[in-house]
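Read through the structure below, which is laid out as structure tokens, and then see the notes.
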Amino acid sequence: MQMNFREKILSAGHQITPKIDRDYFYSLYFREPGGVLFEIATDNPGFTVDEPLADLGTALKLPKQYEPSRSEIEKVLPVLK
């Protein structure tokens, strides 16, 4: 279904990205004529792709592209209690 939206946007003469794998979902991005950036994202595969449902929210999980920056990201996050 997501790719159907992509084809409709392309056929209307707008530019849109290819499908981008965000590890937890797939995204398409396009700008409307006024410049607002829109994202069309899927629900799947979902946040349980790398941890069980019962453990969601107990540890910081990052998409693969951000793992190299983990230490810098963790430094600026507030401590949760």
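Values quoted throughout were computed directly from the atomic coordinates according to the rules given, and no laboratory measurement underlies them. For clarity, every value in this text was computed on a predicted model and none was experimentally measured. Positions of Cβ are backbone-derived with ideal geometry, glycine not excepted, and every protein chain shown enters the neighbour counts.
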_Residues in the stretch 8-52 that a label on Ile73 would reach, taking backbone N under 18 Å of a point 7 Å out along Cα→Cβ_ = 20-27, 45-52
*Calculate for the chain the 222 nm mean residue ellipticity that helices alone would give, adding -39,500 (n - 2.57) per DSSP H run of length 4 or more and normalising by residue count, nearest 500 deg cm²/dmol.*
-6000 deg cm²/dmol
_Gaussian network model of the chain, springs between alpha carbon atoms under 10 Å - residue of Leu56, Leu28, Leu37 with greatest fluctuation_ = Leu37
*Could you state the angle between the C-alpha long axis of helix 2-11 and the longest principal axis of the C-alpha atoms of the chain, as a value from 0 to 90 degrees rounded to the nearest 10?*
40 degrees
*asked:* Over 10 Å intervals from 0, what percent of Cα-Cα pairs in the chain sits in each interval?
replied: 15, 34, 29, 18, 3
*If you put +1 on each Lys and Arg Cβ and -1 on each Asp and Glu Cβ, how big is the dipole of the chain around its Cα centre, in Debye rounded to 20?*
200 debye
*Set of aspartates and glutamates near Lys19 by C-alpha distance (under 13 Å), chain-local residues within fewer than 8 positions excluded*: Glu7, Glu39
_Within straight-line cross-link reach of Lys64, aspartates and glutamates at Cα separation under 16 Å, skipping those fewer than 8 residues along the same chain_ = Asp21, Asp23, Asp50, Glu51, Glu72, Glu74
